[in-house]
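The values are calculated or read from the model by the stated rules, or taken from the named source; none is laboratory data. Only a predicted model underlies this, so the values are computations on that prediction, with no experimental measurement involved. Cβ coordinates were reconstructed from backbone atoms using ideal geometry, including for glycine residues, and neighbour counts include every protein chain displayed. We work out accessible area using only protein heavy atoms, side chains counted, and drop any ligands, DNA or RNA first. Shrake-Rupley method; radii C 1.70, N 1.55, O 1.52, S 1.80 Å.
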Amino acid sequence: MERGHIFNPSYVLVTTPSLLFDMTVKPLEGMAEDSVLFVNSPKEVSIEQLKKIRVIYGDLTGLALKYVGKDILSAAMGAVACKLSGLISLQSTLGAVEEELAELGLETDIIEKNVQLAKECYLSTESVGLRGLNHKPLHKVVEVRYLGEKGIPDLLSVGNTALRKTGSWRVFKPIVDKNLCTACSICYIYCPEACISLDERGYPVINYDHCKGCLVCTTECPRNAIRVERETAWS
Amino acid sequence: MSIIKYKTLKDVPKEEFLVPGTPLCAGCGALQVMRLFHKALGGDVVWVNAAGCVTLMATFPYTPLKSSWFYIAMPSAPAGAQGIRDALDILIKKGKLDPTENLKVVVVTGDGAASDIGLQATSGAIHRGLDFFYLCVDNEAYGNTGFQASSSSPMGSGTATTKPTHLYPAGNVLPKKDLFEIWRSHRPPYVATISPSHVIDMLRKVEKSLSFKGPKLFLALSPCPTGWGAETSESVKLAKLAVETGIWPLKEAVYGEVTHTYIPSKRKPVEDYLKVQRRFAHLFKPVKNESIIAEIQKQVDEYWSKVEH
Ligand code: SF4
Ligand code: SF4
Ligand code: SF4
């Protein structure tokens, strides 16, 4: 498999909308007018820059939950990429999913679920085809100002990862039920992300801008006071 | 008698020195350890890091830390710590730095840098009596590069480089290197193992170590949902199981004298810990590998038989 820098991608697949404008990832850089962007999101992302390129949306997370029961996206994203290219058949795609997952030592029923997932993703995505190989983009049409809006981080900035809203990673959302909560602070202590703070009465407050949805808090709460819902707010 | 600052979970310091938004995996045990460890250390810290998962935490232009961060090549974190410690000491001595602005110099690395690539520099720093802290967040493999085996990977675990095969059904056949004992053999003032599940134990150990000048080293079990193949929500539970099965003893050594800070009254079978992680799945399926599980249990039992006497 070839890996390396792709300066002018024909198409770009992004697993979560929050990465679109991430200042370190910069997934849109180098995209030209005839390139295609696929975003895993149940909703459209209305951002000015995206008007110049073709954007396709798909709720792969929803499909993964339906078929595999987990938010595992690799087979789904792979299938979408294969279909977009217009070069790879359904059969080859599913064969590759099966082969790669078997190599990882996964059990056959899990592999089968992933194959079903890949199939639905493949069939529900439209093929756009690769642009011509002799294509030489003259200039970048997608101009994303990755820095600037929020100021340019410098070496002396501290605690500035807070600019990165990791809340979009969340597939499941923890919600504290104040009626059950005894303000024991266990969830606050165990949250790896420092996403839970305590209010003046000692009750937990979850920072949804950053909570990654690991659900350590839900597991550790001795009162079962943190329930879980599928996240839909993000996009 | 010293006053014990940390008695209950209510005593966990509220100030945060690590803000959210890091790119580390959801449920990362190493991040959890660092957050709590930092609370006990306080804010006047300069971290010295060698390549590993936590390196990604602070990649320019971002850092989640409110403290300072110095990144250095994989074999040399303790050497970097020496340089910073010396610089701080000299500046203070010359009156160019106010002593109130002194910093604690804290090395943080994964087990790869601690047990393999940076062991020599660590040995040198302990030998010289460098006044520093070392926190090893041990996820038992090279997690950052795709979970290849390190010398800290436990026997029987599957990693990217020790996949179970018909020739090696156990996966990794080599034992986990005993870093605690390697560190302790240098007789530094303080060495301890910690677990993110046992928070008060961790905070007390950090508190205790603050009174010593010289090397203070901590080995932290750091559940890694990505590499261990477990749900992100299970990180703390796994750490707890590692302690309750006796696989991860909680102990400290002051100038080489070992004390166990927690002795599980009835140890859970190691199976409880192994069977919930994909890296050990080959020990259970398609057929249960009784002999390897029994061997792991035997090693744990032998360890504790020496402790309990
Ligand atoms: S789900 Fe994870 S990140 Fe979110 S609040 Fe709970 S413990 Fe913190
Ligand atoms: S762990 Fe549960 S009971 Fe305790 S503070 Fe958190 S939500 Fe409330
Ligand atoms: S691979 Fe493991 S140790 Fe590394 S960031 Fe992810 S969970 Fe943490």
Starting from the Cα of residue A:43, draw a straight line to each of the lysines and keep only those under 17 Å, dropping any in the same chain fewer than 8 residues away.
A:51
If you average 1/r over every pair of different alpha-carbon atoms in the range A:164-230 and take one over that average, what Kirkwood value in Å do you get?
11.7
For the range A:8-86, what does the accessible surface come to per residue with a 1.4 Å probe? Please give it in Å².
42
Percent of C-alpha pairs per 5 Å bin, the range B:9-307, short to long:
1, 5, 12, 16, 19, 17, 13, 8, 4, 2, 1, 0, 0, 0
Percent RCO, i.e. relative contact order, over chain B, from Cα pairs under 8 Å lying at least 6 residues apart
17
Check which residues have an amide H placed less than 5 Å from residue B:140's amide H, if you skip close sequence neighbours.
B:111
In angstroms, what radius of gyration and Dmax does the range A:11-123 have, counting Cα atoms only?
14.7, 44
Toward the positive end of the charge dipole of chain B, about the Cα centre and with charges on Cβ (Lys, Arg +1; Asp, Glu -1), which of B:105, B:119, B:161 goes farthest?
B:105
Please compute one quarter of the surface area of the Cα convex hull for the range B:22-128 and express it in square nanometres.
7.2
Number of Lys pairs in the range B:181-271 closer than 29 Å at Cα, excluding neighbours under 8 places apart unless interchain, is 24
Nearest 20 debye, what's the magnitude of the dipole of the range A:164-230 about its Cα centre given +1 on Lys and Arg Cβ and -1 on Asp and Glu Cβ?
240
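Could you pull out the pairs from B:177/B:298; A:83/A:119; A:212/B:7; B:275/B:298; A:178/A:212 whose alpha carbons sit more than 19 Å apart here?
A:212/B:7; A:178/A:212
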Cα Rg, Dmax, the range B:175-309, angstrom units:
15.8, 53
Which angle from 0 to 90°, rounded to the nearest 10, does the C-alpha axis of helix B:290-308 make with the longest principal axis of chain B?
50
Around residue B:255, what is the net charge, scoring Lys/Arg as +1 and Asp/Glu as -1 over all other residues with Cβ under 13 Å from its Cβ?
+3
What residues have an amide H closer than 5 Å to that of residue B:194, excluding those fewer than 5 places away on the same chain, when H is modeled at 1.01 Å from N in the peptide plane?
B:219, B:220, B:221
What number does the protein assembly as shown give for Rg over Rh if you use C-alpha atoms and the Kirkwood radius?
0.98
Mind listing the lone cysteines of chain A, meaning no other Cys beta-carbon sits under 4.7 Å from theirs?
A:82, A:121, A:181, A:184, A:191, A:214, A:221
Rotationally averaged projected area of the range B:220-296 (alpha carbon convex hull; nm²):
6.1
Quick one: with all protein chains in place, what share of the accessible area of the range A:154-233 is carbon or sulfur, to the nearest percent (1.4 Å probe)?
53
Once you keep just the Cα pairs under 8 angstrom separated by 6 or more residues, what percentage relative contact order results for the range B:1-108?
29
Cα-based shape type of the range B:116-241, given that a ≥ b ≥ c are square roots of the gyration tensor eigenvalues and the cut on a/c is 1.5:
oblate
Stokes-Einstein D for chain A, Kirkwood Rh over Cα pairs, 20 °C, 1.002 mPa s (µm²/s):
106
